[in-house]
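Here the structure comes first, spelled out in structure tokens, and everything after it is commentary.
The values are calculated or read from the model by the stated rules, or taken from the named source; none is laboratory data. Note that the structure is predicted; figures quoted are calculated from it, not measured. In this analysis, Cβ positions are derived from the backbone assuming ideal geometry, glycine residues included, and neighbour counts consider all displayed protein chains. For accessibility, only protein heavy atoms count, side chains too; no ligands or nucleic acids. Shrake-Rupley method; radii C 1.70, N 1.55, O 1.52, S 1.80 Å.
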Amino acid sequence: MNEHCFVIKCGGSTLAALPDSFFTDMRNLQSLGSIPVIVHGGGPAISNTLEKLGIATEFVQGLRKTNEAVLDVVEMVLAGQINKEIVRKIQRSGARALGLSGVDGHLIHAQPVANADVVGFVGEVTAVNAALIEGIVAMGYIPVIAPIGLGEDGAQRYNINADTAAGAVASHLGVERMIVITDVPGILKTIHGEKVVLPYIKVQEVEAMIASGEIYGGMIPKVRAAVQCIQGRVQEVVIVDGSMPEVLSRVLQGNGIGTRIIK
């Protein structure tokens, strides 16, 4: 993979708040040869749509229980609504983008998670069609990927956690860096009564920080996905607030914003 490529994971709760300058920054980086590959979520929009349709939302250990009806809504919102909204915003900035779900070109291969008997059609990534992504990048487009997986039978679809999907894409592409866009400045630690952003943590420290409650809530799947892809070929994962000016450029320049998760 192009050594200048990097993966951006955009959480569903952050997308609406991302300023236009975020996408302009992405365009500028692409023009300079740093190529972003985007994997996005969409949890809040999915929950809102399910509520409008009168379909209950249930979570088990952070995973959305997904039957056939829920899966149809997940795919409609992720691939049909949010994915195209991101593509439009990138293209308005002057760059070119191509939206895909993991179903397209069998981009994301998936199998049921271990507790599928409880959560339903929730999947874990078994392989990523890296050649397809590389081809899109080579044509000058920014790939925008919705985390829907396709089973080996080519028929069954799976709802995949966006953090997990982004980590898998980063690992299979062999990029050096993944940037996780959130609505907080990084991983916070209370020191002398004040919350400060940790500049970095090592993968070996993650589980102890979860056990102590220093890492909690929605940050847990992010850091665990980070650990998994760092144990592969990814060198670092940066968790950062996407509303900061020129956030992508600043991360790539290594100026110390956010929290770096490293080996």
How far, in nm, would the chain grow between ILE210 and ALA114 when pulled straight, counting 0.36 nm per residue and subtracting the alpha carbon separation? 32.4 nm
To two decimal places, what compactness ratio does segment 134-263 give when its Cα radius of gyration is scaled by 2.2 N^0.38 Å? 1.14
Plugging the Cβ-Cβ distance of SER13 and GLU58 into 1/(1 + (r/R0)^6) at R0 = 25 Å yields, to the nearest 0.05, a FRET efficiency of 0.85
Please report, to one decimal in angstroms, the Kirkwood hydrodynamic radius of segment 113-165 built from all distinct Cα-Cα pairs. 12.5 Å
Over all directions, the average projected area of the alpha-carbon convex hull for segment 1-152 comes to how many nm²? 9.2 nm²
Once amide hydrogens are built 1.01 Å from N within the peptide plane, the residues lying 5 or more places from PHE6 or on another chain with amide H under 5 Å from its amide H are ILE35, VAL37
Given a 1.4 Å probe, the accessible area of segment 149-250 per residue, as a whole number of Å², is 46 Å²
Segment 52-92: radius of gyration over Cα atoms, expressed as a fraction of 2.2 N^0.38 Å: 1.44
Measure of compaction for the chain (Cα Rg per 2.2 N^0.38 Å): 0.95
quick note, the chain, DSSP beta bridge pairs, % antiparallel (nearest 5) is 40 percent
Counting only heavy atoms of the protein chains, get the accessible area per residue of segment 1-136 (1.4 Å probe) and round it to a whole Å² value. 44 Å²
Largest fluctuation, GLY41, GLY80, GLY135 only, Gaussian network model of the chain with Cα springs under 10 angstrom, belongs to GLY135
Please report the projected area of segment 220-261's Cα convex hull averaged over all directions, in nm². 3.1 nm²
On the accessible surface of the chain, probed at 1.4 Å with all protein chains in place, carbon and sulfur together account for a percent value of 52 percent
State the antiparallel share, in %, of DSSP beta bridges confined to segment 92-184, rounding to the nearest 5. 55 percent
Want the number for HIS192 to ALA131: 0.36 nm per residue separation, take away the alpha-carbon distance, what's left? 17.0 nm
